[in-house]
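The structure appears right after this line, and notes come after that.
Laboratory data are not the source of any read-out in this text; all were calculated from the coordinates shown. All figures in this text were calculated on a predicted structure; none of them were measured in a lab.
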Amino acid sequence: MDNERLQKIDEIVNRTHVSFEKAKNALDQANGDVIEAIIIIENSNQSSNNSNAKQKGEQVLDEIKKILKMGNATKLIIKKNNETIVNLPVTAGLVGALVAPFLAAAGVTAALLTQCSVEIQQSDGNIIDVNKKVEQGMDAVKSTVNDIKNKAENGAEEVVDKFQDGADIIKDKFQEGTEEIKDVFDNNKNDDLY
């Protein structure tokens, strides 16, 4: 790889904070144009962020439905920038007839739910922060995935260590065997001379 190409990849990495591999692939896709490569990476990141936002929004919506089904909710409050944009009283009859269609028909999309805070007030006065509850669930999943990843990495290291130990034992045995064969050969050679 020539020095100019390496400088271009470094520039892309510094500006976009992606791996060298992603920077190289984007530069290849952009036929060596650094600006085009940066745009490719930004578009890729935007798509990824939109997908994550949609997924989180769907989880928020699912959590709202789950809490409303429990039947002890009295208000659904949606805020954006600490300003209330929706404040609906919730009664058993309104859950199916008004609230669920409102969430769908009023354009309260999954993406919007990620930009807003959603609270459900219960009959005992307790307020459930739905976004926080979803975040806690997502953090638990991330933690579990990281634990599994770490265990897999540690297990792989353990396998490599065991393999290396086995290879060292085989090497030692091979050397011992080679020395024994050499000794036998030398002894036979000496016996033949006399």
Residue by residue through the range 169-180, the couplings from Karplus 6.51 cos²θ - 1.76 cosθ + 1.60 with θ = phi - 60°, in Hz, x for Gly and Pro, are 5, 4, 4, 4, 5, 4, 5, 4, x, 4, 5, 5
Among the lysines, which have Cα under 17 Å from the Cα of Lys69 when same-chain residues fewer than 8 positions away are ignored?
Lys133
Long-range amide H partners of Lys75 with built H, under 5 Å:
Val90, Gln121
Between the range 25-45 and the range 149-182, what is the separation of their alpha carbon centroids in Å?
44 Å
Tell me, what ³J(HN,Hα) does each residue in the range 131-146 have, in order and in whole Hz, if you take phi through Karplus 6.51 cos²θ - 1.76 cosθ + 1.60 with θ = phi - 60° and put x for Gly and Pro?
4, 5, 5, 5, 4, 4, x, 5, 5, 5, 5, 4, 4, 5, 4, 5
